[in-house]
Amino acid sequence: MARRTGIAALALLVIGAIAFFVFAPGYIESSMNRVVPVPLKISPRATALQQTIDVADMHADTLLWKRDLLKRSNRGQVDLSRLQAGHYALQVFSSVTKTPRHQNYDGNPGDTDNITALVIAELQPLRTWNSLLQRSLYHAEKLRGFVARSNGQLRLITTAADMDRLIADRRAGRPVIGAMLSIEGLQDLEGRLDNLDRLHAAGFRMAGLAHFFDNDVAGSMHGQAKGGLTPLGRQAVARMEKLGMVVDVAHASHEAVAEVIAMARRPIVSSHGGVQATCKVNRNLTDDEIRGIARTGGVIGIGYWDAAICSNQPADVAKAIAHVRDLVGIDHVGLGSDFDGAVTTGFDASQIAAVTQALMDRGFADDDIRKVMGGNVIHVLRGGIAPAA
């Protein structure tokens, strides 16, 4: 009898474990990447204009989740089908390797990590369970796998020539979408500058310096010390510029942003966020920071969630974009959704024409809408991924 009880208990344990690994990743994502629909009135004129736009978005965290990018999903905000419906030309996919427990915008220590539990629940390779570098390398492999299975619909972009061919093919009527790899926080260097070369070799062409905690490269806007660049951070910025990796200051502390602007020799970006002039949240950019990024020739990506624009309305996306345009010119603002980044939005990638409509409603000219919705980002990233002369 005791033996039967033991076998039954073991069977229940096995069934419970299987159920956890099958259902937990999807449940977690469904609870964190949400679309709470807002009323969208997209005019025939905006719909027609959308078909002439090559949309480019600087930040989505889709690779973090256990989901097939090539299949239409009822979870999250991005997949190939929804990118196609939105008339996307380029989506930058980030590698998130670590986030602190009780994550908040004001101050987080760096001694805890939510991602490890997710990595285990998703049954990612063992090498990723205790290595941030390996998590990023796995994300690169994952995206390459999607590209290989996409029948030419998705293309990895690693060179300026790749970008030129992408745009030429789209203008010839081929609906291919470019995918570029980015890093959300250089804690995945694991303290070694030579790991930057490994990440570049894996296909990464953009990197944020910090995420939700201070690391050994830079202070975070959400860290405890919120300091500037470390000696390793200064070396990393210089090395990125030489390799052809775009420096991203999203999430970096104000001190770190100022130091990057001062030392930059190539255009930098703030890949996703907002501006304090229209939404006064600590992670959003000040006017001085906007001017500094523009002076480098860079671009600012505006997001669609509450902490970026203080709502989830397309009209407030357009309001933030208009502020950047009025402050530094139309060439320095674009899209940075943070889709699939544990945010709640009012629309998904398939409905990006809602932003086109909002810009139209604010009186933006068609050519300026094309720049904001994709042209500016494509231009800056194309130049940034070319190695320094």
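The values are calculated or read from the model by the stated rules, or taken from the named source; none is laboratory data. Just so we're clear, the structure is a prediction, and the values are computed from it rather than from any experiment. Methodologically, a virtual Cβ is constructed for each residue, glycine included, from the backbone with ideal geometry; neighbour enumeration extends over all protein chains shown. The protein model used for the area step is the full one, side chains on, heavy atoms only, and it has no ligands, DNA or RNA in it. Shrake-Rupley method; radii C 1.70, N 1.55, O 1.52, S 1.80 Å.
Points worth noting:
- When DSSP beta bridges are restricted to pairs lying wholly in the chain, around 5% turn out antiparallel.
- Listed peptides 260-273, 283-296 by packing density, highest first (mean Cβ within 10 Å): 260-273, 283-296
- For segment 266-389, the relative contact order comes to 26 percent (Cα pairs under 8 Å, sequence separation of at least 6).
- Take E255: with every protein chain present and a 1.4 Å probe, its accessible area is about 90 Å².
- Net charge of Cβ neighbours under 15 Å - reference G145; Lys, Arg +1; Asp, Glu -1: +3
- For segment 21-95: relative contact order, % (alpha-carbon pairs under 8 angstrom, 6 or more apart): 40 percent
- All other residues whose Cβ lies under 14 angstrom from that of D111 are scored, Lys and Arg at +1 and Asp and Glu at -1, for a net of -1.
- Cβ charges +1 (Lys, Arg) and -1 (Asp, Glu), total dipole of segment 161-277, debye: 460 debye
- Degrees between helix 254-263 axis and first principal axis of the chain (Cα, 0 to 90, nearest 10): 60 degrees
- Neighbour net charge for G301 - beta-carbon separation under 10 angstrom, K R +1, D E -1: -3
- Based on Cα contacts under 8 Å between residues 6+ apart, the chain shows a relative contact order of 21 percent.
- Neighbour-limited loop hits for trypsin sites (Lys or Arg not before Pro), segment 36-98 (at most 12 other Cβ within 10 Å; DSSP other than H, G, I, E, B): K41, K71, R72
- Where trypsin sites (Lys or Arg not before Pro) fall in DSSP loop in segment 326-376, at most 15 other Cβ within 10 Å: R362
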